[in-house]
Amino acid sequence: ECWFKKGLQSFIYTQNGTKRSIKERLMKLFLCSVAKKSTSNSQNSVEDEMEMATVCHRPEGLEQMQAQTKFTKKELQILYRGFKNECPSGIVNEDTFKDIYAQFFPQGDASTYAHFLFNAFDTDHNGSVSFEDFVTGLSVLLRGTIQDKLKWAFNLYDINKDGYITKEEMLDIMKSIYDMMGKYTYPVLRDEIPRQHVEIFFQKMDKNKDGVVTIDEFIETCQKVSVLTLLM
C-alpha cells in the first residue's frame, strides 16, 4: 500500500469522514459569503470593476487575469466578490489565512500545515496572498494539466523552494498533516510512523540515491502510483 497516497488522503478528509478535495476547501475558504449578495449580474459586474480600484491592494484587470488563468470573466467576478468579502484589503496575511483554515480542522492543529499551504500560494514570497495569487493557484488545481498540478504539489512539499524535496521537508509536511487531522487520524499513529513513511518515500522516488527528490522524480513516481487523483 502506498504511504504517499495515504498521506494525501489524510489532508483531504473532513472531520466527519467525508472525502473532500483540496480544491473544494480552497474554494470554500474565500467564497463562503458569496451567497449573501442578491444584486443583478450587471450590477455585480459594475461593482466588481469599481471596487477593484478602491481596495488597498488593487488587483490586475479581469481581462488580464482571464488571459493568465483558465477562468472566464464571470467566474473571476464571482471569485473576486467572495475574496473581497473575506479580505476587504485585497490581500490576506499568514495569520488570517491560518485562522480561516483552522475553521475546517477544529479537532486538530492546522497552523503548521496552513503555513506551508500559504507559502505555496505566496509565489512572490512577499508575506501575503493577493487575489491574483489565489486565482492563479486555484486555476492550476481546478483546470491545470496533470503536469501543472504535480508541479504545484511539488512546490508545496519543497518548503525552502530550492528545487528539491529533502527527507526533512517531507517529514515536516507529514507531521503537519497528522497534527491537523488531530484525533480523527485513523488508525492512531505512533510517533515514529511519519519518519518510517518518509524513508519508504525516498526509496521509491529518489532514483539516483542522492538524498533529495527532484521534480522529475516526483512527477514520474506520482504518475505511476496514480496519487494525482487525490489532488483533483
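Residue by residue, region 111-119 carries 3J(HN,Hα) couplings of 5, 6, 5, 4, 4, 5, 5, 4, 5 Hz when phi is fed to the Karplus relation 6.51 cos²θ - 1.76 cosθ + 1.60 (θ = phi - 60°); x denotes Gly or Pro. On a 21 Å Cα-Cα criterion, which of the cross-link pairs Lys98/Lys175; Lys175/Lys209; Lys70/Lys151; Lys204/Lys224 come out too long? The pairs that break the limit, which is 21 Å between Cα atoms, are Lys175/Lys209. The apolar share of the surface of region 61-144, taken as the fraction of accessible area on carbon and sulfur atoms (1.4 Å probe, ligands and nucleic acids excluded), comes to 49 percent. Prolate is the label for region 61-144, because a/c, from the alpha-carbon gyration tensor with a ≥ b ≥ c as root eigenvalues, is 1.5 or above and a/b exceeds b/c.
Per-residue Karplus couplings for region 140-148, computed as 6.51 cos²θ - 1.76 cosθ + 1.60 with θ equal to phi - 60°, are listed in order as 5, 5, 8, 9, x, 6, 4, 4, 4 Hz, Gly and Pro entered as x.
Region 126-154 and region 84-107 have Cα centres spaced 17 Å apart.
The length gained on full extension between Phe116 and Lys70, counted as 0.36 nm times the residue separation minus their Cα-Cα distance, comes to 14.1 nm. For Ile91, the residues whose modelled amide H falls within less than 5 Å of its own, excluding neighbours fewer than 5 places apart on the same chain, are His57.
The values are calculated or read from the model by the stated rules, or taken from the named source; none is laboratory data. Note that the coordinates shown come from a computational prediction; the quantities given were computed from them, not determined experimentally. Please note that ligands, DNA and RNA were not included when accessible areas were found on the heavy atoms of the full protein model with its side chains. Shrake-Rupley method; radii C 1.70, N 1.55, O 1.52, S 1.80 Å.
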